[in-house]
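Report on the structure given below.
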Amino acid sequence: MTDVLMERARDYSLAPETVPLLLDRVLPDISGIRLLIKPNFVALKGAPLCCTHASVIAAAARYCVDRGAHVTVGDSPAFGTAQAIASAIGLPEMLRPLGVPVVTLGRGVKVPSGSVRVPVSSDALEADLILNLPKFKAHSQMRFSGAVKNLFGCVTGVSKAWLHAVHGDKGGRFADMICGLMNVLPPVVSLMDGVEAMHRTGPIVGDPFPLGLLAASANPVALDTASAMVLAAPPASFPVWRACERSRLPGSRSDELNFPRLCPGDFDATGFELPQSLKPESFRPDVLLKSLIRRAWLSRRGGV
């Protein structure tokens, strides 16, 4: 059985007290290790709603620093840089007293993931542990974006758009590739930000939904299965979950989960809307070109 810890948090002012309660139960001894906090920094457009909330990131960073870890916050956004998005949500001011830097994950190293070789950031590969901080939100291509999908942000730069263009809509190959990242990354512990979730569409532009949930697990697959249970949605309707189930990954079945604190049924997701029809996983050439141009422009401007 895999533990999934769930707690209520009616708003983000409760993050400093609730996040440590969850991390106490799911993190191993982290003293002296290199720990990468991997939030969801998808894009400046749609921030802060589309991103992991700064209060959750800062609370997790403080917890890890206090326990002796060498902490970095990093992501490779679809558009822009991690530093620019962090500034937009007010994170640097919260991290400055802790001495925790924010970096854009770079230095890609080609590794096998599913049937595809992908450039994963050496910043992620060289960490001893990744603290994965996904946002609970709808996704126009994957229906739901959770803990497993958030690991795709460890793939560097515009390569993510290229992988969408080349491997999307190829009979589940793209979702299999995302799931395969768990085989090459260091150990991952996940903490889900569902205090103010995002529904109807995503991953960048959607509508807020007051779910009031913070949840954690040492198994990202289990955390996503629990999220589907909160929504009373069949996990098989999520392409990433189907890929996990095809690979028979632990945590992909609800009867494998244990809830020591609150249960999925304790959270009211009535009215949370998931996309009924999904957009193609493969980006059009013009979208890929737009991403390339925007990254080049931001690079020349210093990433702001």
Discussion item. Counting only other residues whose beta carbon sits under 13 Å from that of ILE33, what net charge do I get with K and R as +1, D and E as -1?
Written reply: -1
Worksheet, complete the sentence: Whole-number value, in Å³ per residue, for the convex hull of the alpha carbons of the chain is 113
Item to complete: Mind ranking LEU21, LEU91 by accessible surface for me, highest first, 1.4 Å probe?
Response: LEU21, LEU91
Worksheet entry | Computed accessible area, ARG143, all protein chains, 1.4 angstrom probe, square angstrom | 40
Practice prompt. Could you count how many Lys pairs in the chain have their Cα atoms under 14 Å apart, skipping same-chain pairs fewer than 8 positions apart?
Written response: 8
Worksheet item: How high is the relative contact order of the chain, in percent, counting Cα pairs under 8 Å that sit 6 or more residues apart?
Response: 24
Worksheet item: Any idea what the relative contact order of segment 91-228 is, in percent, if you count C-alpha pairs under 8 Å spaced at least 6 apart?
Response: 26
Worksheet entry | Ranked order, ARG242, ARG34 - accessible area, probe 1.4 Å, largest first | ARG34, ARG242
Worksheet item: What is the magnitude of the charge dipole of the chain about its Cα centre, with +1 placed on the Cβ of each Lys and Arg, -1 on the Cβ of each Asp and Glu, and no other charges, expressed in debye to the nearest 20?
Response: 1220
Fill in: Viscosity 0.890 mPa s, 25 °C: Kirkwood-radius Stokes-Einstein D of segment 1-143 over Cα pairs, µm²/s
153
Item to complete: With the full set of protein chains in place, find how many percent of the accessible area of the chain is carbon and sulfur; take the probe as 1.4 Å.
Response: 53
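The values are calculated or read from the model by the stated rules, or taken from the named source; none is laboratory data. None of these values were measured; they are calculated from a predicted model. Quick reminder, even Gly has a Cβ in these numbers, built from the backbone with ideal geometry, and neighbours come from all protein chains shown. Areas reflect the complete protein model, heavy atoms only, side chains present, ligands, DNA and RNA absent. Shrake-Rupley method; radii C 1.70, N 1.55, O 1.52, S 1.80 Å.
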